[in-house]
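Comments concern the structure below.
The values are calculated or read from the model by the stated rules, or taken from the named source; none is laboratory data. Keep in mind it's a predicted model, so treat the numbers as computed, not measured. For neighbour counting, all protein chains shown are included, and Cβ atoms are generated from backbone atoms with ideal geometry for every residue, glycine included. Side chains are part of the model used for accessible areas, which takes the heavy atoms of the whole protein and leaves out ligands, DNA and RNA. Shrake-Rupley method; radii C 1.70, N 1.55, O 1.52, S 1.80 Å.
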Amino acid sequence: MATRLPRLLFAARRVSASFGLRMLVFGALALWASWTPLGQAGGLNDFRDSHLLHSYEEAAVRTLTHFGQVPLWNPWSCGGLYALGNPQTRLASPTLLLSAAVGARRAEPLLLFAFLVVAMEGAFRYARLRARSTLGPFLAAPTFGLAGFFAIAWTLGWLNFLGFALLPWLLLGTAHAVRGRIGGVALVVGGFAWMLGFGGTYPVPLCALFVVLEALRGLFSRQLRARRLNALLVLAATALLTLGACAFRLWPILETMQSAPRIMAGAPGHSLQTMARMLVWFPSAAGSNGGPAGIVYVGPAIFVLVAAAGLTRRAAFPLVAAVLAGWLAAGHAAIPSLFGLMRELPVLETLRYPERFLLPFSVYLCELGALGVTALLARARQLRWAQRAVVAVCALAVVGWAIQAPGFGMLSQRAMVVPAPTPVDQPFAQARGNRWAQGYFLALNRGSIACGEAYPVPMSKALRGELPQEEALEDWSAGAALRRSWTPNRLDVEVDAKRPTVLRVNQNWHPGWKTSVGEVLSRDGLLAVSLPAGRHLVTLRFLPRSALGGAAVSALAATCLALLAWRTRRRGQLSGPEACVWALLPLAMWALLALLWHERPAPPHRGNPDGTPILVETSPVDASHVGAHFDVPVELVAARVPSAPDARDILPVELYWRVTGGVPRSASIFVHVTGPGKRKSADHDAVAGSYLLAHAPREQLLRDAFAVSTRDAEPGTWEVWVGLWHASGDHSRIPVRDAGGTTAPEARIRVGTFTVPARSPAVMSPP
């Protein structure tokens, strides 16, 4: 006999089905979760990463509002860098308008609040695709929207990671695109463009993997059996249009990565127990000392809803997808490692921190939870036990909200927010800087030469802090140079030259700089202009091909998408072949611009941290011959270890490697320094911080220069041992034979010794 559902459930279903009421609930939850950040609006997050990343947004706002320019060049960071080409900047998204309107620091907590609401609504709509009721998606959606990682993003200043909030919208758009709906195509194209413009170094590639998975889900569904080819063509057109729409940011980033390739080594991994602690352990406000517990907090309640999903066959795909996401999140700790296999692919090889795959995992938790509630609702009209179960599950979900929101707030309390510095109005100049205190230098209108970026920014060694003037003639006796006006993207310098000379600007060179007189050139990596004799007003403008051309390609992609929408307004379904034709136009334009618009590329920037080149003809005469051969095609040819540390207690070490064949990507270098007291390590995965052994040039001598601090080392004789090991997998050492062909014990070679002198009590005692 059928039973009636309680009135409370009917009321909850009405709330979940109403967009306005749903937004009120999601908005209230987001407000609860982000209450602490909102109360700190306008303050300076004093965490080092926040200093660096926030300064990019602050510089973009200043460029836009104070100088009336598009933020292309950032002179305040790293001696000057291509702002649009820096993958971590979020200045190329519509959120810049909010930053400009209320201030970059005040905008950050507002963005956090807005993205939480967007994440919850996106999770609701995506789960609603397969759930027959709105109640299940409504109850499950906050699990993703209030995930602890979004609070961690605020705490550390990683606002660009809020782009993950768009993942369910991308999946939703993909599901609709498979069915030939132009709205779905627009969601995917716009979502990726927004995410990339917002600094999606991680969100874009990670989300792209699950978009592909969603596309396969749709292609192999029974409903598309007769229209599978058209769906495949629509998906291809969606991918092409996405590439075109992202050209405004993708072209500058590709240009930057060509000149400054990013190396991400290491073998991070997490056990199932650690991942469980990340997801269900209630977080504390203990800062980084809190460890991984609760950093992706979703709470235990959602797993009860997920358990109920076993009542429906629709749970098969999200369950498999969740398992794949969890497998990836385990990183190199999983055997076999799906994450390790993924890192063998282009672009994806630069990823690290696999726990970020727990965000896609939580999206599928939402879908499973929604399906579980829906399955119980379907039985509740006939079975009294199911009615009680659905009431209990719904109550548990609401209790989960009431626990997850405070957990989010607890994580947000880890932020070290201090009063913002008072701006000083003075002419721009470079300073020696501090890479972890960028916010203070920007307030002083000073550029920080110190750089803390995740990729090797091409920085000139000739940069200087606090010069008498930032623009000067290379030969001071050749005349005089006087700055007439200064903006981030344009410099006007009056030059009176008695003879042909070179004007040097105390900023990094980039091929995007153009001059009204003479020729732009790189002078020791500095921006410079060769000038003829005479009086000139030299105007330097930053107009890079990748920014202007990329914007034109993106504009054409948006136009093609709009035309496709207009042509399908009546029939309602996209034609796959027609969509592909339109989608190819932006890429054809991109190819033509790259072919016909010539701009000298910046050479790849590779070198040791001490400035010495990597590729050398021979090892120096004072280096000791080693001649060690490993069981992979790698030879340690020579080494240079000084007899004692320098006056700063730093021991500079140089190793000279030769790679002669294919090497596993897991092969990494370990350096053990042994002597009286505790052993020291100088392990590193990349030669000179530039090449993994697997990717190093073959048959060439590679200088690997690094340093070891001996400040706390006990006086006496110390030995330096070197070997190779597998940084992932079984973490075993790679056997090695010395110059005489004898297998070395412990798979390591001694390359030198040094002596730490005894220190006087005055030196050893703390100041």
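Tabulated data
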{"item": "Positions within the stretch 621-640 being open to solvent by 30 Å² or more (accessible area, probe 1.4 Å) and touching a residue at least 60 places away in the same chain (Cβ under 8 Å), in sequence order", "result": "SER624, HIS625, HIS629, ASP631, ARG640"}
{"item": "Selection count, the stretch 89-147, where residues are farther than 28 Å from PRO252 by Cα and assigned to a loop (DSSP other than H, G, I, E, B)", "result": "8"}
{"item": "Residue pairs meeting the criteria (Cβ under 8 Å; at least 6 apart or on separate chains; first touching a residue at least 60 places away in the same chain (Cβ under 8 Å), in the stretch 522-539; second in a strand (DSSP E or B) and among the aromatic types (Phe, Trp, Tyr))", "result": "LEU527/TRP513"}
{"item": "GLN426, sole failed condition from (1) part of a loop (DSSP other than H, G, I, E, B); (2) touching a Ser or Thr at 6+ places or on another chain (Cβ under 8 Å)", "result": "(2)"}
{"item": "Among the residues listed as ARG352, ARG313, ARG356, ARG343, the single one being over 26 Å from the mean Cα position of the chain (by Cα) and of a type in the set (D, E, K, R)", "result": "ARG313"}
{"item": "Top-ranked residue in the stretch 655-680 [being touching a Phe, Trp or Tyr at 6+ places or on another chain (Cβ under 7 Å) and hydroxyl-bearing (Ser, Thr, Tyr); ranked as surrounded by the most Cβ atoms within 10 Å (Cβ to Cβ)]", "result": "SER668"}
{"item": "Residues being in a helix (DSSP H, G or I), open to solvent by less than 10 Å² (accessible area, probe 1.4 Å) and among the hydrophobic types (A, V, I, L, M, F, W, C) - total across the stretch 327-369", "result": "9"}
{"item": "Filtered residues of the stretch 83-99 (kept if farther than 23 Å from HIS510 by Cβ, of a type in the set (S, T, N, Q) and open to solvent by 30 Å² or more (accessible area, probe 1.4 Å))", "result": "none"}
{"item": "Scope the stretch 114-140; condition open to solvent by 10 Å² or more (accessible area, probe 1.4 Å) and under 23 Å from the mean Cα position of the chain (by Cα); matching residues", "result": "ALA114, PHE115, VAL117, VAL118"}
{"item": "Lone qualifier among GLY43, GLY68, GLY27, GLY20 - being surrounded by fewer than 20 Cβ atoms within 10 Å (Cβ to Cβ) and within 20 Å of PRO421 (Cβ to Cβ)", "result": "GLY43"}
{"item": "Residue that is nearest to LEU655 (Cα to Cα), among those in the stretch 706-726 that are in contact with a Gly (Cβ under 7 Å, 6 or more places away or on another chain) and either open to solvent by 50 Å² or more (accessible area, probe 1.4 Å) or assigned to a loop (DSSP other than H, G, I, E, B) (or both)", "result": "GLU719"}
{"item": "Residue in the stretch 151-174 that is among the β-branched types (Val, Ile, Thr), farther than 26 Å from ALA293 by Cα and crowded, with 23+ Cβ neighbours inside 10 Å present", "result": "yes"}
{"item": "Tabulated pairs, the stretch 336-363, first at pLDDT 80 or above, second open to solvent by less than 30 Å² (accessible area, probe 1.4 Å) and of a type in the set (Phe, Trp, Tyr), C-beta under 6 angstrom, 6+ apart or interchain", "result": "PRO354/PHE339; ARG356/TYR202; LEU359/PHE149; LEU359/PHE164; PRO360/PHE210; SER362/PHE144; VAL363/PHE144"}
{"item": "Residues (open to solvent by 30 Å² or more (accessible area, probe 1.4 Å) and either touching a Phe, Trp or Tyr at 6+ places or on another chain (Cβ under 8 Å) or free of Cβ contacts under 8 Å to residues at least 60 places away in the same chain (or both)) located in the stretch 100-113", "result": "ALA100, ALA101, VAL102"}
{"item": "Residue among ALA301, ALA293, ALA308 that is out of contact with any strand residue (DSSP E or B) (no Cβ under 9 Å at 6 or more places or on another chain) and either within 14 Å of THR274 (Cα to Cα) or without any contact (Cβ under 8 Å) to a residue 24 or more places away in the chain (or both)", "result": "ALA293"}
{"item": "Residue that is farthest from the chain's Cα centre (by Cα), among those in the stretch 417-469 that are aromatic (Phe, Trp, Tyr) and open to solvent by 50 Å² or more (accessible area, probe 1.4 Å)", "result": "TYR440"}
{"item": "Enumeration of residues in the stretch 470-506 that are among the polar types (S, T, N, Q) and touching a helix residue (DSSP H, G or I) at 6+ places or on another chain (Cβ under 9 Å)", "result": "THR487, ASN489, THR501"}
{"item": "Tabulated pairs, the stretch 727-746, first in contact (Cβ under 8 Å) with a residue 40 or more places away in the chain and open to solvent by less than 70 Å² (accessible area, probe 1.4 Å), second outside any strand (DSSP E or B) and of a type in the set (S, T, N, Q), C-beta under 7 angstrom, 6+ apart or interchain", "result": "ALA727/SER666; SER728/SER337; SER728/SER666; GLY729/SER666"}
{"item": "Pair list, Cβ under 6 Å, 6 or more apart: the stretch 544-560 residue under 8 Å from PHE248 (Cα atoms), other residue open to solvent by less than 10 Å² (accessible area, probe 1.4 Å) and in a helix (DSSP H, G or I)", "result": "SER546/PRO252; ALA547/PRO252; GLY550/ALA247; VAL553/GLY244; VAL553/ALA247; VAL553/PRO586; SER554/ALA247"}
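Yes/no per residue for (1) assigned to a loop (DSSP other than H, G, I, E, B); (2) surrounded by fewer than 17 Cβ atoms within 10 Å (Cβ to Cβ); (3) within 29 Å of the chain's Cα centre (by Cα):
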| position | (1), (2), (3) |
| --- | --- |
| SER485 | no, yes, no |
| PRO511 | yes, no, yes |
| HIS536 | no, no, no |
| ALA547 | no, no, yes |
| GLY550 | no, no, yes |
| VAL553 | no, no, yes |
| ARG569 | yes, yes, no |
| LEU574 | yes, no, no |
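For (1) of a type outside the set (Gly, Ala, Ser); (2) closer than 22 Å to ASP496 by Cβ, each residue gets a yes or a no:
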position: LEU521; (1), (2): yes, yes
position: GLY534; (1), (2): no, yes
position: GLY550; (1), (2): no, no
position: VAL553; (1), (2): yes, no
position: LEU556; (1), (2): yes, no
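Per-residue answers, yes or no, for (1) touching a Ser or Thr at 6+ places or on another chain (Cβ under 6 Å); (2) assigned to a helix (DSSP H, G or I); (3) touching a residue at least 60 places away in the same chain (Cβ under 8 Å):
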{"residue": "LEU224", "(1), (2), (3)": "no, yes, no"}
{"residue": "LEU229", "(1), (2), (3)": "no, yes, yes"}
{"residue": "ALA237", "(1), (2), (3)": "no, yes, yes"}
{"residue": "LEU240", "(1), (2), (3)": "no, yes, yes"}
{"residue": "GLY244", "(1), (2), (3)": "no, yes, yes"}
{"residue": "ARG249", "(1), (2), (3)": "no, yes, yes"}
{"residue": "PRO252", "(1), (2), (3)": "yes, yes, yes"}
{"residue": "THR256", "(1), (2), (3)": "no, yes, yes"}
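To keep it simple, each residue is scored yes or no on (1) at pLDDT below 95; (2) more than 30 Å from SER337 (Cβ to Cβ); (3) over 18 Å from the mean Cα position of the chain (by Cα); (4) not polar (S, T, N, Q).
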| position | (1), (2), (3), (4) |
| --- | --- |
| GLY184 | no, yes, yes, yes |
| VAL189 | no, yes, yes, yes |
| ARG227 | yes, yes, yes, yes |
| LEU241 | no, yes, yes, yes |
| ILE253 | yes, no, no, yes |
| LEU272 | yes, no, yes, yes |
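Residue-wise test of (1) at pLDDT below 95; (2) over 14 Å from VAL756 (Cβ atoms).
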{"site": "ALA639", "(1), (2)": "no, yes"}
{"site": "ALA644", "(1), (2)": "yes, no"}
{"site": "ASP649", "(1), (2)": "yes, no"}
{"site": "TYR656", "(1), (2)": "no, yes"}
{"site": "PRO664", "(1), (2)": "yes, yes"}
{"site": "ILE669", "(1), (2)": "yes, yes"}
